Each structure stands twice: as C-alpha cells, then as structure tokens.
C-alpha cells in the first residue's frame, strides 16, 4: 500500500494557511500532540493541552496565532485549529476502493436505475424503482427498497437497509446496520379485536426524506411517516443506535449523540444538540439552538434556545438509597415546610 | 403502477358503515384532515382536530355520529373512527410483490422445510431443520437458523435474523435488523478463572416463542432462554430497538415503545403499555394493564393495574443544577425538617 | 439427531467432583430444580431455592456440601455449584455445524488471508488485508473489512460487521447485528460551512482492539478510535445493544448489561459491572471494581471501588407527579429550611 504524503508547503497553500518552518517537510499522517511523530501533523485547539505543545515530537502543529511562539516545531496558523485539522486529516483517510459498477453477487431488479459511476458492493439488493445516483457507493450487503433514492456521492458503508420511499440527498453517509424507512409504530386499540380487544396496525404510507450532507450512525433506525414524511434537513448528524420515530422533523445542522430517541411527530429545531440517550416525547416542538444534556427526557415543548436537563446526580449506592427514598415524600415535605413557616410567621 | 381505488359505496358496504354523500366518489388514498385532497379519505377521532373538519378538502371523512353535522363533505360514520380508518387505510398500502418460491441467490439447507406458497427473497439463508410455513414472506437477507419456524402468513421484511430454536406464530411481522434467539446474557463469576477470576458463560439452551399477530420492530433484540423459552404471547407489539432478555414472558396485547428494555426472567402482564426507553429490572412481575411512562425504571414488582412513573422534570440547566445538587442532601433535609417540627411542637 | 449423554461417574471424574449416588445414571441435559426430569442435571446455588430441592425430579443436582443431606437424588458436590453447573451444561450445548472451508456464496478478496481450518459461512464478505485465523467460525452474512483480524477459535454467530482496522483476539464471541469498527462520532463545528455554520467530520483513523475471550452482544456497536484504538481488554462481556464510543478503554473482566452506553474516551476499570441502560459520560475514568446500577448516569470520574447509583424510585403516576413537580423547587426549599432553622435558633 503506498503512503499518502503532502509537504507542509502544499498543505499551507491548499488550505490558505500561513506556514512557519520548513515547507519541504513531508507529512504522512496525523496524531495527538503526545503521540505524533516527525512525519505527522498535530493540532492545539483546547487550552488544556498547551503544556503538551512544548514537548511535542510532531512534524508540524496547527495552532492559533497566539500559540505560535510556544510551538517547538513547524506550525500552520489557523483561526480555528480544530476545524482546520479536521480538513487536513481527511486527506490521510484511506477509504476502501469502490470501483464503479455492480458486483456480480448483487441482485438488481430490472426496474432499478443505477448510475454508471455508482459502485454497488457484494450481495447488495436493489429493488424495483430504486435510483442510485452518480458516484454513490454502496458497500457490501446494502438493501435499497422500492422507490428509494440514494443521492449523488452518498455512501452506505455496509449492511444499510432503506426499506421503502426513502430519499437520501447528496453526500449522505450511512453506517452499518442502520435501518431507514421501516414502518412507524402506529397502532389503534380495537375493542372488537380478539376476545377483549387488541391492536390494529395503521399502514405507514409516508416515506423518509434525508437532506444533503447528513450522517446516520451504526444501528440507528429512522421510521417512515404514517401519512407524510419523516424529515431530516441538511447536515443533520446522528450517532449510533438513535431512534427517530415516524413523522419526526429534524432541523438542519442538529446533532444527536448515541442512543438518543425522538418519539413520533416531534419537531426538533435547527442547530440543536441532543445528548446521549436523551429522549423527546411525541408531538413536542424544540426551538432552534436547544441543547439537551445526556439522558434527559424532554416532556414539554421548548420555545427558547438554551441548555436543558433532567435527572439526579450519581452517588454512592447507600447514600443514594436514602435520598431516593425521601423523593417519594417530597410533596409532603414541601407542605410540612410551608406549615412550619406559617406557624413561625403566626408567632 | 396502477392506482388502487375504491368507491365510497364499496367502502361503506365492506366495513358496514353508514354513508352520507355521493357513493360513486372514488377514493385512491388517505390523508390528514388538513392534507387530504378530493380523492382521499380522512378521519376525525380526536376532539382537538374538530376545527379542521370544517375546512377539509378530503373526499370523505370517517366521523362519529356526533360530528356528522359538521362534516362539509361525504362521511362514513363509525363508532371508533380511528380503528375504522386504520382498517380502510390498509387497503391502500402497497406491499412489495412477494412471488412464491425461492430466489436463486438464497442458500437453503437440504434439511429445511419450505412451503411451496412461501416467498424466500434474495440472499436469504435457511438452515437445517428450519420450517417456513404457507404464505410466509422473507424479504432479502433474512437468516433462519436451525430449528426455527416461521408461521403461516408471517413476514420478515428484510435482514431479520432468527438464530436458533425460535418459533414465530402466524401473521407475525418482523422489521429489518431484528435479532431473535441470540444467546441470553448468562455468566457465572469463577474465582479460579484467569489470574484473579473471570467469567464463565452459561449455555443458553432454551428458545423463543412468539405468538400469533406479534410485531417486532427494527433492530429489536430478543434473546433465547437459558433453560426454558423466552415468550411473547399473541398480539404483542414491540417498537424499534427494544431489548428483551432471556426468559422474559410478555403477556398478550402488551405494547412497548422504542428503546424499552426488559431484563432477564421478568414477567410482564397482558394489555400493558411500556413507554419509550422505560426499563424493567430482572425477575420482577407486572400485573395486567400496567402502564409505565417513558424512561421510567421499574425496580419492584407491580401488583395493581395503573400508571407508574419515575424521573424528574426537565428544567433549564442552571436551575436544574441547583436542584439536582440539593437532591444529594434530601435525606438530611428531611431529618432537619422533622427536627424543626419537633422543636416547634415542644415550644 | 443423536442425543449427547454422559454418565454421572464421567461428569464427576471430568470436573473432579465428589459423587453421591448411582454413577451409572446417564444425563442428557440440564434443567431447573422445578423443571428437570430424571435424565437431567440441575443445581442449587441460591438459598432461595432450597425448598425446591426436596421436591426435585432431577436425575442429579450440583450442590454445596452443606446441602447434600437435603438432596433427594444423586448429587455432585461443588464449592461453587453455579460455576460448576455452567461448565457441565456447556457439554450439552449443540452448536451449529461449522465445517472448515469457504461457502461458495461467500465473496473473498484476493488479498484476504483465511486459515484452512476456519469456517466461512454463506454470503460472507471478506475484504483485502483481512485475516481469519485457525478454527475461527463466521456464520452467514458476516462482513470482515480491510485490515481486520478474527483471532483463532473466535466465532461471529451471523451477520456481524467488522468495518476496518478491527482486531479480535482468540475465542471472541460476537452475536448477530453487532457492528465493530464503525466511524467514531467526531465533528467540528465550522462557522464558515453552509450559511450560518455546520459540521465538519473528523476522519476516524484509529481502530478497535478486542482482547481474548470477550463476548459482544446482538446489535451492539463499538466505534473505532479517532487517532488511537478503542480497546476492550480480555474477558470483557457486553450484552445486547450496548454503545461503545471511539477511544473508550474497557478493563479486563468488566461486564455491561443491555443498552449501556459509554461516551468517547472514557476509561472503565477492570472487574467493573455496568447495569442495564446505564451511561458513562465522555473522558471520565472509573476505577477497578466499580458497579453502576441500572439506568444510572455517571457524570464524574470514580476513584473508589463500590456501587454507585442515580435516579428516583418508581411510584404511581399521580403521586409521582406531585413529587416530581416539587423537585423543580428543591433549591428553594433547602434555602427556606435553612432560614427557618436560623429563625428558630435566633429565638
């Protein structure tokens, strides 16, 4: 395997950065300040790591202007070193080769439309009415169901299932095990079903619309809408094992951490941040730029941007048990407190 | 693709509803009161939407007798409009064609029994001793392991895995990514293993039994029993990403919302409703008709029907932090409150 | 199918146990004290079940010395009956046949290295640079990506995905739907992207290292590191639907129950027990032998072994609502309590 290398001068020119040090030095990878070697690039974005800068063995460091004087090696100066590092590091990512064409083990329906520049991996199944646009890459074992579209330059890493009526925009990245377009969980309780009543399923006749530049994590599930579509606007970023129920609408540039869940018909604003294993109940609305901390449950709509939380702090189990038992009487304590205050005032 | 249409007169006759308006009008789909057009059917089940009835452009609406006077268009009168709408809407669902027979890319063991009327999709793997009954449909990439049975008219949408000793009843619907019959999480800590002790696995020798008319959501996991079976009775409805541990027993007509989890050997009653991301600890018992609200943790058995909850409300983060910090001292506050009351009474 | 049987004398000799009763009795399986029949072995490990011992119909029971007198049938005496039962029961587990060789439907890249004694099941996809060691078993539909290694005697049950740069040690067991080596969730917010800012992805250039004897549950996800590896040391046991984020380090012999989640760069000690749906925030450290109870959220590092919890108890919904509403004023109550105490002292 040949190594990818870039000279510091090339990097400086490509990303319009000012370079301090030897521009002929060749970089073949990236690393942490503590771990990078002489042919690797590192970065300093967080003040906590400033002490590590002096001792770094990295070949070059992306720094802010203000840290330049303390950098013992070559430096590339950026306003936002973390973002710039992300852009440069992407040059060293080695994506699996994805030659245009359809692997002979793939099963492609006669009524599927596949661009000549798309790459369809082993054991993929593409059903009637599916469309795979230019430069899209489907890794092994992807299933693209009836009336689904995979937009140009999108990549389904492996074993992704698009069930039906799913449209992915351009440059969408979907990780293994994700299921998009499965039936929403819509049930009506029918008193006349079975002996004492039971469930009737509501057909899920809508689809899913995923905007450009979204990322969908491993084993994440996004159900299709009951009548209208479940929607992710552009640049929505979902981590692993997230559950998006039917008819949810997620605004552009919102990010959710692992195991978050959004119940049916909730509407999340733009630029929101939903913490790990946080939940949003059905039919609620969250304004733009709302942050929900990890494991919180959103039980009412939120109209104002800001950070919101629920939960109680971790404690040693014995101590926690005592406090938790008291929680069951909190209302009583509050009443007793008020009564005492009244007594005290009456005296 | 030809459009499915039904006249209002046909629908009224088929579902034994009284029709008000032009029976020759043809319906080709369903929609919300606000979104449905002249060839679509809508419904009014929830009083909150009564105001939308007057303005609807739907071709017909399923309503209660009491709303008939306010309906500006044709109407079908039902005692429970939501249930009736669900039944009618099912007529307009377009399921993927599933021709009887075995796709040439499927891998079927010599010792598997497959009904001639079953449909086995691309890349399915059916192992020895598996049985696929009449009219069952397996979408692409399903795996049916040794000694598993897929009951008549059941449908595995795509990429479903039945590991071993799993029996699905009739008309069971399983969504993509579900894993049924995986090893239960059974470990014994052996002080003599490794240097300072380690884990010994208990073989999981039971199976899974799923009753008729159950539905299992995308990426849901149901482990097989250690010695006896994990059991879902009939008409149990599980949403996506639910975890059912070994030896759990779920009563008929119980429904669980996304990301709920039930630990080993718990026994859930009939007609229970388990909210999203709620949890039930191991070996507990829940009576029939117990409702658990979202994200609650059930830490003791529940003998009485009713609704149960845990958790604390969402607040702005700054305010929440102050309250949460106080939680760590709740036991102390309760004692101080009692002491004050004693002082007050002693005066 | 032939039945596996062992005489009690054989079992006693093999596991170095003292036998009381007829050594010629043949055992063909295991069961609970209440359920086992005359050809089955059971065990008594938990004092709660002592009453069942007298009535058991089991052919033999593994007991502690102290319970021998109460055992109405043949007995095998062990210091730790649960561990010994686990070892014996494993003899009766019937694993699917896994003949050495590559199934003709598998797709194996020219640059993959596969031991002659490994078993590669139907529809597996093995990419360039992958290595499958001696005696490893890959069930149907496994994907082993570029530069991944499956260690000797490891078993991927079915439909397991190793994305890239994943190394499994020896005797690792991975259940269906698990995804190991997917992209970590690394994003930088770029104010210059899109109109008002958006996300830039950080390439995830590390891998995943899984130690010997680990077990990974169904639909569990383990992301690869951003720069260095995500690491599980030996004998780590993960249940279903667990999420391990990039750069997490899990110490040897730690076990996590279903739906637990660990955020990026957290470091969990050895011999820890993480309860179901518990969470650990990013960059925290947990000492060895820390236990976290179900659904707790770890929000700070833990330096001392012991059991830790968060959450509030389950109550009837009406009662819970009253208490939960009061939680929003807990800080105020504490202040009012202090004020009353001050008044009381001033009097």
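The values are calculated or read from the model by the stated rules, or taken from the named source; none is laboratory data. As the structure is a computational prediction, the values presented were derived from the model and not from experiment. Cβ sites come from the backbone with ideal geometry, for glycine too, and all protein chains shown count toward neighbours.
Given the conditions (1) surrounded by fewer than 24 Cβ atoms within 10 Å (Cβ to Cβ); (2) part of a loop (DSSP other than H, G, I, E, B); (3) within 11 Å of chain B (Cβ to nearest Cβ), and given that residue A:159 satisfies all but one, which numbered condition is not satisfied?
(1)
To keep it simple, each residue is scored yes or no on (1) farther than 17 Å from residue C:295 by Cα; (2) within 38 Å of the chain's Cα centre (by Cα); (3) modelled with pLDDT of 95 or more.
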| position | (1), (2), (3) |
| --- | --- |
| A:278 | no, yes, yes |
| A:295 | no, yes, yes |
| A:308 | yes, yes, yes |
| A:312 | no, yes, yes |
| A:332 | yes, no, yes |
| A:346 | yes, no, no |
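With the condition kept exactly as written, say whether any residue in segment B:192-202 is more than 7 Å from every other protein chain (Cβ to nearest Cβ) and within 26 Å of residue A:161 (Cα to Cα).
No, segment B:192-202 contains no residue that is more than 7 Å from every other protein chain (Cβ to nearest Cβ) and within 26 Å of residue A:161 (Cα to Cα).
Condition test on residue C:96, is it at the interface with chain B (Cβ under 10 Å from one of its Cβ atoms), out of contact with any helix residue (DSSP H, G or I) (no Cβ under 6 Å at 6 or more places or on another chain) and surrounded by 22 or more Cβ atoms within 10 Å (Cβ to Cβ)? Before the answer, list the steps.
Details: at the interface with chain B (Cβ under 10 Å from one of its Cβ atoms): yes; out of contact with any helix residue (DSSP H, G or I) (no Cβ under 6 Å at 6 or more places or on another chain): yes; surrounded by 22 or more Cβ atoms within 10 Å (Cβ to Cβ): no.
No, not satisfied.
Sort out which residues of segment A:191-211 are surrounded by fewer than 19 Cβ atoms within 10 Å (Cβ to Cβ) and modelled with pLDDT of 95 or more, and write them in order of number.
Just the residues of segment A:191-211 that are surrounded by fewer than 19 Cβ atoms within 10 Å (Cβ to Cβ), to begin with: A:191-197.
Listed by number, the list holds a single entry, A:197.
Can you confirm whether residue A:339 is in a helix (DSSP H, G or I), more than 8 Å from chain B (Cβ to nearest Cβ), more than 19 Å from the chain's Cα centre (by Cα) and closer than 30 Å to residue B:336 by Cβ?
Yes; evaluated as a whole, the condition is true for this residue.
What is the residue count in segment C:28-40 for residues that are more than 26 Å from the chain's Cα centre (by Cα) and closer than 18 Å to residue B:206 by Cβ? Can you show your working first?
Initially, segment C:28-40 is screened for residues more than 26 Å from the chain's Cα centre (by Cα), giving C:28, C:33-40.
After this cut, where a residue has to be closer than 18 Å to residue B:206 by Cβ as well, the list is C:28, C:33-37, C:39-40.
Of the residues in segment C:28-40, 8 are more than 26 Å from the chain's Cα centre (by Cα) and closer than 18 Å to residue B:206 by Cβ.
Looking for something out of contact with any strand residue (DSSP E or B) (no Cβ under 8 Å at 6 or more places or on another chain), modelled with pLDDT of 95 or more and farther than 19 Å from residue C:174 by Cα - is there at least one such residue anywhere in segment C:84-93?
If we filter segment C:84-93 for residues that are out of contact with any strand residue (DSSP E or B) (no Cβ under 8 Å at 6 or more places or on another chain), which is where we start, we get C:93.
Of the ones still in play, those that are also modelled with pLDDT of 95 or more are none.
No; the residues of segment C:84-93 include none that is out of contact with any strand residue (DSSP E or B) (no Cβ under 8 Å at 6 or more places or on another chain), modelled with pLDDT of 95 or more and farther than 19 Å from residue C:174 by Cα.
Residues that are in contact (Cβ under 8 Å) with a residue 40 or more places away in the chain and either over 25 Å from residue C:181 (Cβ atoms) or assigned by TED's automatic domain parsing to the domain that holds residue A:180 (or both): list the strands (runs of 3 or more DSSP E) wholly contained in segment A:204-248 that include at least 3 such residues.
A:208-210, A:221-223
Residue C:3 - would you say it is modelled with pLDDT under 95 and out of contact with any helix residue (DSSP H, G or I) (no Cβ under 6 Å at 6 or more places or on another chain)?
In short, yes.
Every residue, every condition in (1) at the interface with another protein chain (Cβ under 7 Å from one of its Cβ atoms); (2) more than 14 Å from the chain's Cα centre (by Cα); (3) surrounded by 20 or more Cβ atoms within 10 Å (Cβ to Cβ), yes or no:
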{"position": "A:188", "(1), (2), (3)": "yes, yes, no"}
{"position": "A:213", "(1), (2), (3)": "no, no, yes"}
{"position": "A:216", "(1), (2), (3)": "no, no, yes"}
{"position": "A:226", "(1), (2), (3)": "no, yes, yes"}
{"position": "A:236", "(1), (2), (3)": "no, no, yes"}
{"position": "A:253", "(1), (2), (3)": "yes, no, yes"}
{"position": "A:261", "(1), (2), (3)": "yes, no, yes"}
{"position": "A:274", "(1), (2), (3)": "no, no, yes"}
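Name the single residue that is surrounded by the fewest Cβ atoms within 10 Å (Cβ to Cβ) among those in segment A:284-331 being assigned to a loop (DSSP other than H, G, I, E, B) and touching a helix residue (DSSP H, G or I) at 6+ places or on another chain (Cβ under 6 Å).
That would be A:313.
Look at segment A:65-91 and say how many of its residues are surrounded by fewer than 16 Cβ atoms within 10 Å (Cβ to Cβ) and within 17 Å of residue A:15 (Cβ to Cβ).
Within segment A:65-91, residues that are surrounded by fewer than 16 Cβ atoms within 10 Å (Cβ to Cβ) and within 17 Å of residue A:15 (Cβ to Cβ) number 4.
More than 16 Å from residue A:276 (Cβ to Cβ) and more than 8 Å from chain A (Cβ to nearest Cβ): does that describe residue C:314?
yes
Taking residue A:193 as the residue in question, decide whether it is within 22 Å of residue B:171 (Cα to Cα), out of contact with any helix residue (DSSP H, G or I) (no Cβ under 6 Å at 6 or more places or on another chain) and free of Cβ contacts under 8 Å to residues at least 60 places away in the same chain.
Yes.
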